[in-house]
Amino acid sequence: CVSSFCKLQRLDKAEAVLIDGIRLGVLPNVVTYNTLVAAYCRFVGIDAGYSVVHRMQVAGIMPNVVTYNSLLAGASRQGQASLSLDMFEEMLKLGISLDLWS
């Protein structure tokens, strides 16, 4: 459901589903957060994507290569090459291996 709302650019609805799920005891996982990160990076901007990453870390869920690939794509769309380099360094510090998309 979160993914469907994200594809429709209804991030408000995706967030509502996330919150309702948490209230019902259904905790989001890395896939759920990655879906939100990708959507925010694509439709809102890199800062919004980073905000979701911060929320996932507060929730105890570590970002992975998919998370960072979404952030890298967002930075690329906004022409922020220096931010991309910072993200590569951040990935290495966290022990996240690069993949073909990175």
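Let's see how each residue does on (1) more than 9 Å from the chain's Cα centre (by Cα); (2) without any contact (Cβ under 8 Å) to a residue 40 or more places away in the chain; (3) in a helix (DSSP H, G or I); (4) surrounded by 15 or more Cβ atoms within 10 Å (Cβ to Cβ):
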site: ASP12; (1), (2), (3), (4): yes, yes, yes, no
site: GLY25; (1), (2), (3), (4): yes, yes, no, no
site: THR35; (1), (2), (3), (4): no, yes, yes, yes
site: TYR40; (1), (2), (3), (4): no, yes, yes, yes
site: LEU71; (1), (2), (3), (4): no, yes, yes, yes
site: SER76; (1), (2), (3), (4): yes, yes, yes, no
site: GLU89; (1), (2), (3), (4): yes, yes, yes, no
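Consider ILE96 against the criteria (1) surrounded by 13 or more Cβ atoms within 10 Å (Cβ to Cβ); (2) assigned to a helix (DSSP H, G or I); (3) among the aliphatic types (A, V, I, L, M): it satisfies all of them except one. Which criterion is unmet? Just one mismatch for ILE96, condition (2).
Does GLN80 qualify as being polar (S, T, N, Q), out of contact with any Ser or Thr (no Cβ under 7 Å at 6 or more places or on another chain), within 23 Å of LEU11 (Cβ to Cβ) and exposed (fewer than 15 other Cβ atoms within 10 Å of the Cβ)?
no
Within segment 43-58, is even one residue hydroxyl-bearing (Ser, Thr, Tyr) and within 19 Å of CYS1 (Cα to Cα)? No, every residue in segment 43-58 fails to be hydroxyl-bearing (Ser, Thr, Tyr) and within 19 Å of CYS1 (Cα to Cα).
Assess whether ALA48 counts as being crowded, with 20+ Cβ neighbours inside 10 Å, within 27 Å of LEU83 (Cα to Cα) and among the aliphatic types (A, V, I, L, M). Against the criterion (crowded, with 20+ Cβ neighbours inside 10 Å, within 27 Å of LEU83 (Cα to Cα) and among the aliphatic types (A, V, I, L, M)), ALA48 does not qualify. For segment 51-69, the candidate set comprises residues that are assigned to a loop (DSSP other than H, G, I, E, B) and among the small types (Gly, Ala, Ser); within that set, the residue that is surrounded by the fewest Cβ atoms within 10 Å (Cβ to Cβ) is GLY60.
Quick note: the coordinates plus some simple rules give every number you see, no bench work behind them. Here the structure is a predicted model, which is why all the values come from computation and not from measurement. FYI the Cβ positions are ideal-geometry reconstructions off the backbone, even for glycines, and counts take in every protein chain you see.
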